[in-house]
Amino acid sequence: MRTNDVAVQAWRDTPTKALVIDGTPFAYRELGKSSGVPVIFLHHFTAVLDDWDPRVIDGIAAQHRVIAFDNRGVGGSGSKVPHRLEDMAADAIAFIRALGYQQVDLFGFSLGGAVAQLVALQAPDLVRRMVLAGTGPRGGGGIWKMPFIVGGAYAKAIATRKDPRHFLFFPRTPEGKKVAADYLGRLKERSHDRDKKISNQARIAQIKAIRHAGQCQPDDLSVITHPVFVANGDHDLMVDSAHSTDMARRLPNAQLKIYPNSGHGGVFQHHHTFVPDALHFLAN
């Protein structure tokens, strides 16, 4: 385990580092406490480091060491994105072990939540606790349709000159439109050392991985005995909220919270509530 301290700083000012594993550089940032079990952030479809909500990152980092990274082929990391979630999980495990950690907590959002489940299945001793937000289990009915939902949102985004997350993450209500603008504004707070944008290869590979996962046989989640906090909005268009409920039911040591009047980005919309909820879960 490394012992160097990480200066207390905001996510927007945290420097980007690189860790080379078998010739492939992995871009990452870390901040928060230098002791205790770190929280590894696994991000969503087409996301890079700059797509993490600073209010969530800074909130968790107030009490924990937080490490967010670009998996293989994403953003500033090298190589190409694999076409299977299993391989993404294997790369995440390799990254964590290369940092020298024997045990971590995982925060997986959307695609990252699916990867987190496979990390727990592939390397159960590496995981202490997991927060799974806006995500569901492999083999969940209808998950394979998600790329078509994304395609429709991208078409609306082009027509309206808006970010697709206006349509994918938040409800199209007056409140939802406001919180969407607030969230996307927070993502622009970092003005320097920004990450590379997602590549077309990464987008296509991630879509293939999501479609494949939706068509897989369901995993036996009963063997994941780690404490898990499952969170979602009550009207998730990308991963139906019912999948989160089903996943929590199948995980033997899970607690579930559904945030009201929100969608796929419910944990960002309700960050004032979600961050204390997550901190309470990670502290227990």
Are any of the residues in the stretch 132-141 under 22 Å from ASP51 (Cα atoms) and either surrounded by fewer than 22 Cβ atoms within 10 Å (Cβ to Cβ) or of a type in the set (A, V, I, L, M, F, W, C) (or both)? yes
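For the stretch 244-266: of the residues being in a helix (DSSP H, G or I) and touching an Asp or Glu at 6+ places or on another chain (Cβ under 8 Å), which is nearest to ALA120 (Cα to Cα)?
Among those residues, the one meeting the criterion is SER244.
What's the total number of residues in the stretch 63-106 that are assigned to a loop (DSSP other than H, G, I, E, B) and either basic (Lys, Arg) or touching a residue at least 60 places away in the same chain (Cβ under 8 Å) (or both)?
Of the residues in the stretch 63-106, 18 are assigned to a loop (DSSP other than H, G, I, E, B) and either basic (Lys, Arg) or touching a residue at least 60 places away in the same chain (Cβ under 8 Å) (or both).
From the residues in the stretch 221-243 that are assigned to a strand (DSSP E or B) and of a type in the set (A, V, I, L, M, F, W, C), which one is nearest to VAL179 (Cα to Cα)?
ALA231
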Is there any pair with a first residue in the stretch 180-207 that is under 17 Å from LEU168 (Cβ atoms) and in contact (Cβ under 8 Å) with a residue 12 or more places away in the chain and a second that is assigned to a helix (DSSP H, G or I) and of a type in the set (Phe, Trp, Tyr) whose Cβ atoms are under 8 Å apart and which are 6 or more apart or on different chains, and what are they? TYR183/PHE268
I'm checking my understanding of the structure. Among residues of the stretch 60-116 that are acidic (Asp, Glu) and surrounded by fewer than 22 Cβ atoms within 10 Å (Cβ to Cβ), which one is nearest to ASP277 (Cα to Cα)? GLU86
For the stretch 238-255, enumerate the residues that are within 14 Å of HIS226 (Cα to Cα) and either surrounded by fewer than 24 Cβ atoms within 10 Å (Cβ to Cβ) or without any contact (Cβ under 8 Å) to a residue 12 or more places away in the chain (or both). ALA248, ARG249, ARG250, PRO252, ASN253, ALA254, GLN255
Enumeration of residues in the stretch 265-284 that are in contact with a helix residue (DSSP H, G or I) (Cβ under 6 Å, 6 or more places away or on another chain) and not hydrophobic (A, V, I, L, M, F, W, C): GLN269, HIS271
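Let's see how each residue does on (1) farther than 27 Å from PRO82 by Cα; (2) touching a residue at least 24 places away in the same chain (Cβ under 8 Å):
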residue: ASP163; (1), (2): no, no
residue: ILE210; (1), (2): no, yes
residue: CYS216; (1), (2): no, yes
residue: PHE229; (1), (2): yes, yes
Check whether at least one residue in the stretch 225-236 is touching a helix residue (DSSP H, G or I) at 6+ places or on another chain (Cβ under 8 Å), closer than 21 Å to GLY140 by Cα, at pLDDT below 95 and not aliphatic (A, V, I, L, M), and report yes or no. yes
Give just the number: which of (1) part of a helix (DSSP H, G or I); (2) surrounded by 14 or more Cβ atoms within 10 Å (Cβ to Cβ); (3) aliphatic (A, V, I, L, M) does ILE204 not satisfy? (2)
Within the stretch 168-179, restricting attention to residues that are in contact (Cβ under 8 Å) with a residue 40 or more places away in the chain and outside any loop (DSSP other than H, G, I, E, B), which residue is nearest to PHE69 (Cα to Cα)? LEU168
For the stretch 185-201, name all the residues that are surrounded by 17 or more Cβ atoms within 10 Å (Cβ to Cβ) and either in a helix (DSSP H, G or I) or modelled with pLDDT under 95 (or both). ARG186
Hits in the stretch 260-270 - residues which are within 17 Å of the chain's Cα centre (by Cα) and surrounded by 24 or more Cβ atoms within 10 Å (Cβ to Cβ): GLY263, HIS264, GLY265, GLY266, VAL267, PHE268, GLN269
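The values are calculated or read from the model by the stated rules, or taken from the named source; none is laboratory data. Please read all numbers here as calculations on a predicted model, not as lab measurements. FYI the Cβ positions are ideal-geometry reconstructions off the backbone, even for glycines, and counts take in every protein chain you see.
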